[in-house]
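The values are calculated or read from the model by the stated rules, or taken from the named source; none is laboratory data. Note that the structure is a prediction, hence the values are computed from the model and not measured. With ideal geometry, Cβ positions are generated from the backbone for all residues, glycine too; neighbour counts draw on all protein chains shown. Ligands, DNA and RNA are excluded from the accessible area calculation, which covers all protein heavy atoms including side chains. Shrake-Rupley method; radii C 1.70, N 1.55, O 1.52, S 1.80 Å.
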Amino acid sequence: MVAEPAEGPLSPLSAVPDDADGAATTRALATARIGDVSALAERLMAAIFTDNPEWTDYSPVPYEELWDGCQRYLGRVLRILSEASGGAVDTGSDDVATAIGRRRAEQGVPLEVMLRTFRLGGRIVWESLVEQARAERVEPDVLLGAATSMWTVIDGLSSELSTAYRNAELERWRRDDQRRHALVEDLLAGRGRDTAFAQRTAQELDLPPGGPYLVVVADVGPDGGAALHGQQHVLASLHVRSVWQVRADTLVGLVALERHPEALVLDAMRPLARGRVACSPVVRGLAEVGFAHQLAMTAMGTSPRGSTGLVSLADRYPQALLVQSPDLAQRLLESCLGPVLALPLREREVLLETLAAWLDENCSTAHTGTRLHCHRNTVLNRLQRISTLIDRPLHGRDSYVALSLALTAMELPGTSGT
């Protein structure tokens, strides 16, 4: 009685022992069993569903297709063994293993399941060869060569299967990434207003179609590094769903707030900023994501390049209004503060500092003096000097608004205060 070989993995071999009788025996045994492939496939199917079924979950695969794959695989093993020349076996670039690997990857069957099935198939082929050897009274020592050849074939086909499976997975991931990229681009372009499109996109991106959303943008440097790092992991730890995508020079994130407070999400991302990052106001659903992206980009424009930190448009509406019309912002600055800006540097800085402090202190000269560590009369004299230079009173709502916006314009990129 011939003992079965161990089930453990063997090192790949390129040829059986240099024994003509052993090679001829292997070919003869395999050839004799080729006609029994259908019966062997039935045995493999039974093993799949009875031997550790949790290891061989083929629920995504139709029964008939699985049976056909088992039959083709077992037939391929026997044909390779029956055609081995001089004891050598060749499993390179095998079409059967490649086709099975690609198809199962598309169906979502785990690779580990496939490899276990190939080993199960190898056991069944070996058992059939042993049965044939008993019928023909083959000596055990001669049959050992067949064992080596057969497990070399199984290892080779398993390698082909793994390569094809992983290549198919990579292609699928690339297709999925391209699909996700296209969907996000369509949302940013405003297609989310189409209800049917929003519903399909929400399902594919695992996002809610409605509810509160934020759009976040961050600079991306020439090296491809984004000004925001680790945000998706941090948000996921808070059970906040988000989708992130790198565009030409920005990272864009669609953040579904659902039941989470806006402040919680922003506070979680602020420490992660490594450059300019900006956030839109809260909008409703994927339908408004395109508009929210425009607002987030406007908010980022209120921060100079090279700055670091997350800004929200909700906190920077005056700056955003000026950024939207840089030419008008420059004219406002020149109209309101032109004569002050034309002064020598030291005098200009003192007067602008006094004006800014006075507006911050609700036009209280006493509080302004305390803040600037000078007498209130000094503050009054400086304010009078400004009023004379610009030829307009500093008091009144219109003046307050114009002067405040002019000071804000000085801080924005794209405007000149000189």
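Could I have the simple spin-label model distance between residue 411 and residue 136, label points 7 Å from Cα toward Cβ, reported in nm to one decimal?
Taking the simple label geometry, residue 411 and residue 136 are separated by 9.1 nm.
What FRET efficiency, computed as 1/(1 + (r/R0)^6) with R0 = 45 Å and r the Cβ-Cβ distance, is obtained for residue 328 and residue 171, rounded to the nearest 0.05?
With R0 = 45 Å, the Cβ-Cβ based efficiency is 0.30.
Ratio of alpha-carbon Rg to the 2.2 N^0.38 Å globular estimate for region 285-418, to two decimals, please.
Taking N as the residue count of region 285-418, the ratio is 1.19.
Measuring with a 1.4 Å probe in the full set of protein chains, what accessible area per residue, in whole Å², belongs to region 75-189?
I get 45 Å² per residue for region 75-189.
Where does the chain land at 222 nm, in deg cm²/dmol rounded to the nearest 500, when only DSSP H runs of n ≥ 4 count, each adding -39500 (n - 2.57), divided by all residues?
-20000 deg cm²/dmol
Can you give the angle from 0 to 90° between the axis of helix 397-410 and the longest principal axis of the chain, with both taken from C-alpha atoms, to the nearest 10?
For helix 397-410, the angle is close to 50 degrees.
Grab the Cα-Cα distance for residue 63 and residue 363, subtract it from 0.36 nm times how many residues apart they are, and report the gain in nm with one decimal.
Numbers: separation 300, 0.36 × 300 = 108.00 nm, distance 8.23 nm.
Fully extending the segment from residue 63 to residue 363 adds 99.8 nm.
May I ask you to give the solvent-accessible area per residue for region 207-366, in square angstrom, as obtained with a 1.4 angstrom probe?
Averaged over the residues of region 207-366, the accessible area is 46 Å².
Would you mind calculating the gained length between residue 263 and residue 401 on full extension (0.36 nm times residue separation, minus the Cα-Cα distance), in nm to one decimal? Spell out each step's value before the answer.
Working: separation 138, 0.36 × 138 = 49.68 nm, distance 2.85 nm.
Contour length minus the Cα-Cα distance gives 46.8 nm.
I need the peptides 334-341, 122-129 ranked by packing, meaning the mean over residues of other C-beta atoms within 10 angstrom, with the highest value on top.
122-129, 334-341
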